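A.B. asks: Sending over a structure as structure tokens; questions will come in a sec.
Each reported figure results from applying straightforward, stated rules to the coordinates on display, with no laboratory input. Please read all numbers here as calculations on a predicted model, not as lab measurements. Every residue, glycine as well, gets a Cβ built from its backbone with ideal geometry; the counts of neighbours run over all protein chains shown.
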Amino acid sequence: MKTLTRRGLAGLAGASCLPAARAATRPAAPRVVVIGGGAGGATVARYLAMNDKPLDVTLVEPKQRYTTCFFSNLYLAGLRSFESLTRGYDALADRYGIQVVHDHAAAIDPAAKTVRLGGGASLPYDRLVVAPGIAFRDGAIAGYDDAAMQIMPHAWMAGPQTLLLRSQLEAMPDGGVFVIAAPADPFRCPPGPYERASLVAAYFRQHKPRSKIQILDAKDTFFEQELFQDGWNRHYPGMIEWLPNQFIGTIESVDVKDRSIRTADQTFKADVINLIPPQLAAGLARQAGLADETGWCPVDPATYESTLHRDIHLVGDAVSVGIMPKSAYVANSQAKACAFAIASALIGSEPVRPFLYNTCYTFLAPDDAVSDAISFRIASGKTEIAEILMSKLDQSPAERAAAVREANGWYDAFTRDIFG
Amino acid sequence: MKRHRIALALVLAGMIVQPCAADQGRGLAAACASCHRTDGHDTVIPSIAGLDESRIVHLMLAYRSADQGSQIMHVVAGALSPEEIAAVAHYVAGHPSGTRQP
């Protein structure tokens, strides 16, 4: 199914009509196709469309509405509605003139410079931006297939999986065990599994106080570890048990019928299992030859053009750029650098120095949030950290509560920056 | 006059300013919009549209040097040169709410 949400474009007859329709209205505008309407792709599309000189921008995204993975842990804890996490594409189409095509990109032909859509149409481009997000590594955990995901949700791509995990947590009896399996680096949202443990603990504390949470970690340390463990001791003493890789070994298989997870020599049974699998760049990027042997996509650190294919740029979780964390904020920051680089190449706007930055607000409890701030610089062709600051352990409850209010304000401004 | 005050602020801060191109201001100001609304609506985090130019420069220089206050803004301001702060301030001040940004 394909629909166009750009108002005033009469040609709903099919994507094959689109190039002609565009040529009639804006003959000279260079064409940019953006695949993926998340934090990275939608930001690239919007910033390209805001240029003074015309660019013909098409955004390809199968979903009619996007659910943000960031802040979805608040939904799991019953602190935010699911609807409050979703955004549509009408503003990008109506206010910015972006052609939004609700279809999936089936294949990229870098030689012919075209994108083939699932519906069969072919979109030509002068520059292509691929922002496909992540996929899970096939076969990394025996037995964890599509059917197993319906029993042991990952809830690491927000949407139906998020709803499923919430319904399982609601159905879990008091005194039950909730297991979160956290993956090895690199993965989407480094503080995410631990924030999830924190906020589910807040839900349990109120509704199922005898319940326990175990984190089976593929790592021996994790991001903001001291802040999290301090928060767990203060808010949920005895409820959250973190088991590092050196104690439990690597997860090898799951048993769906038994609701259990196995490492080399231990078995963990639980009432609810949230298995966050090992990750890599989404399939389209790999099929198009945009990923290297690591499974992630190498890019120029200033322009986000692929180092493997000319005229194709990538942003967001699928790319590998030094030690930049895979966060929506980083994706949005990369997207702006990418959009300015493409505008400079296609319509001659003055090059802009990339400003690469990350902030994450992380909830330890409904009234206790921390943040980190990281600036990046490009030196000798590599992206490195210029400065990093994190919330301190000795902050007052009032400061932490202020960070909660700031975080909610940030979500509002940030999603407007992405979706208009 | 406003220009003079900004120049004075930066000279007092021990910095010499060569204003950079307008596009630099626009490009760097794009980073502000990741957290700040640009339509005049505050969300705990204040909207920055149309703020007074010299006030933005003063605030950014204070964030840059301060140990106290917002660590997020400290890291942002520390990543910008004085010339870039001047360019961002000029751009943001010239785009009050309701105008298309950045």
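A.B. asks: What are the ³J(HN,Hα) values, in whole Hz, obtained from phi via the Karplus relation 6.51 cos²θ - 1.76 cosθ + 1.60 with θ = phi - 60°, for each residue of the range A:123-128 in sequence order, with x given for Gly and Pro?
C.D. replies: With the stated coefficients, the range A:123-128 comes to 9, x, 9, 8, 10, 10 Hz.
A.B. asks: Here is a follow-up. Of A:LYS212/A:LYS257; A:LYS326/A:LYS382; A:LYS63/A:LYS219; A:LYS63/A:LYS326; A:LYS53/A:LYS326; A:LYS212/A:LYS269, which sit over 24 Å apart, Cα to Cα?
C.D. replies: The pairs that break the limit, which is 24 Å between Cα atoms, are A:LYS63/A:LYS219; A:LYS53/A:LYS326.
A.B. asks: Defining a contact as two alpha carbons under 8 Å apart and six or more residues distant in sequence, what relative contact order in percent does chain A show?
C.D. replies: 18
A.B. asks: In peptide A:383-394, how many Cβ atoms from other protein chains are near each Cβ within 10 Å, on average?
C.D. replies: Rounded to a whole number, the mean comes out at 2.
A.B. asks: Where a ≥ b ≥ c are the square roots of the eigenvalues of the C-alpha gyration tensor, would you call the range A:150-277 rounded, which needs a/c under 1.5, or, failing that, prolate if a/b is larger than b/c, or oblate?
C.D. replies: Note, shape of the range A:150-277 comes out rounded.
A.B. asks: Contact order normalised by length for the range A:271-328, with contacts defined as Cα pairs under 8 Å and 6 or more residues apart; what percent is it?
C.D. replies: Worked out over the range A:271-328, it gives 26 percent.
A.B. asks: Output wanted: per-residue J couplings in Hz (rounded whole) for the range A:89-103, from phi through Karplus 6.51 cos²θ - 1.76 cosθ + 1.60, θ = phi - 60°, x for Gly and Pro.
C.D. replies: Taking θ as phi minus 60°, the curve returns 10, 4, 5, 5, 6, 7, 8, 10, x, 7, 7, 9, 10, 8, 8 Hz for the range A:89-103.
A.B. asks: For A:178-190, what's the mean count of beta carbons from other chains sitting within 10 Å of each residue's beta carbon?
C.D. replies: 0
A.B. asks: Per residue of B:73-83, what is the mean number of Cβ atoms on other protein chains within 10 angstrom of that residue's Cβ?
C.D. replies: If you average over the peptide's residues, the count of other-chain Cβ atoms is 4.
A.B. asks: If you plug each phi of the range A:255-266 into the Karplus form 6.51 cos²θ - 1.76 cosθ + 1.60 with θ = phi - 60°, what whole-Hz ³J(HN,Hα) values come out, in order, with x for Gly and Pro?
C.D. replies: In residue order, the calculated couplings are 10, 5, 4, 8, 6, 9, 10, 10, 9, 4, 9, 9 Hz.
A.B. asks: Give the residue from A:ALA135, A:TRP296, A:GLY420 lying farthest towards the positive end of the charge dipole for chain A; charges sit on Cβ (+1 for Lys and Arg, -1 for Asp and Glu) and the dipole is referred to the Cα centre.
C.D. replies: A:GLY420
A.B. asks: Still on this model: With +1 on each Lys and Arg Cβ and -1 on each Asp and Glu Cβ, and nothing else charged, work out how big the dipole of the range A:376-420 is about its Cα centre, in Debye to the nearest 20.
C.D. replies: That gives the range A:376-420 a dipole magnitude of about 80 debye.
A.B. asks: About the Cα centre, and with charges only on the beta carbon of Lys, Arg (+1) and Asp, Glu (-1), how big is the dipole of the protein assembly as shown? Nearest 20 debye, please.
C.D. replies: 1320
A.B. asks: Follow-up. Check which residues have an amide H placed less than 5 Å from B:LEU80's amide H, if you skip close sequence neighbours.
C.D. replies: Counting only residues 5 or more places away or on other chains, the set is empty.
A.B. asks: Compute the length gained on full extension between A:ILE388 and A:ASP126: take 0.36 nm times their separation in residues and subtract their Cα-Cα distance, giving the result in nm to one decimal.
C.D. replies: Gain in length upon complete extension: 90.6 nm.
A.B. asks: Assuming 1.306 mPa s and 10 °C, estimate D for the range A:136-221 with Stokes-Einstein, Rh taken as the Kirkwood radius over Cα pairs, in µm²/s.
C.D. replies: It comes out at roughly 114 µm²/s.
A.B. asks: Something else now. By per-residue mean of other Cβ atoms within 10 Å, what is the highest-first order of A:31-40, A:314-323?
C.D. replies: Packing order, densest peptide first, comes out as A:31-40, A:314-323.
A.B. asks: Arrange the peptides A:46-52, A:257-263 so that the one whose residues have, on average, the most other Cβ atoms within 10 Å appears first.
C.D. replies: Highest mean packing first, the order is A:46-52, A:257-263.
A.B. asks: Could you put B:SER97, A:SER211 in order, starting from the residue whose Cβ has the fewest other Cβ atoms within 10 Å?
C.D. replies: Neighbour counts put them in this order, fewest first: B:SER97, A:SER211.
A.B. asks: Okay, next question. For a quick check: with amide H placed at 1.01 Å from N, whose amide H comes under 5 Å from A:ILE35's, ignoring anything fewer than 5 positions away on the same chain?
C.D. replies: A:VAL60, A:VAL129, A:VAL130, A:ALA131
A.B. asks: Taking one equal scatterer on every alpha-carbon of the protein assembly as shown, how large is log10 of I(q)/I(0) by Debye at q = 0.10 1/Å?
C.D. replies: Computed log10 I(q)/I(0) values: -0.82.
A.B. asks: Among A:GLN279, A:ILE261, A:PHE228, pick out the residue whose Cα is farthest towards the positive end of the charge dipole of the range A:222-325, where Lys and Arg carry +1 and Asp and Glu carry -1 on C-beta, about the Cα centre.
C.D. replies: Comparing the listed Cα positions along the dipole, A:ILE261 ranks first.
A.B. asks: Let me ask something else about it. What is the distance in Å between the Cα centroid of the range A:56-133 and that of the range A:143-169?
C.D. replies: 22
A.B. asks: How do A:HIS104, A:HIS313, A:HIS154, A:HIS207 line up, fewest other C-beta atoms within 10 Å first?
C.D. replies: Listing A:HIS104, A:HIS313, A:HIS154, A:HIS207 from fewest to most nearby Cβ atoms yields A:HIS207, A:HIS104, A:HIS154, A:HIS313.
A.B. asks: Name the long-range amide H neighbours of A:THR383: under 5 Å, sequence gap of 5 or more, or other chain; modelled H, no Pro or chain starts.
C.D. replies: Residues meeting the amide H criterion: A:GLY322.
A.B. asks: Can you compute the charge dipole magnitude of the range A:150-277 about its Cα centre, using +1 on each Lys and Arg Cβ and -1 on each Asp and Glu Cβ, nothing else charged? Give it in debye, rounded to the nearest 20.
C.D. replies: Value, rounded to 20: 420 debye.
A.B. asks: For the range A:302-416, how big is the tail of P(r) above 18 Å, as a whole percent of Cα pairs?
C.D. replies: 57
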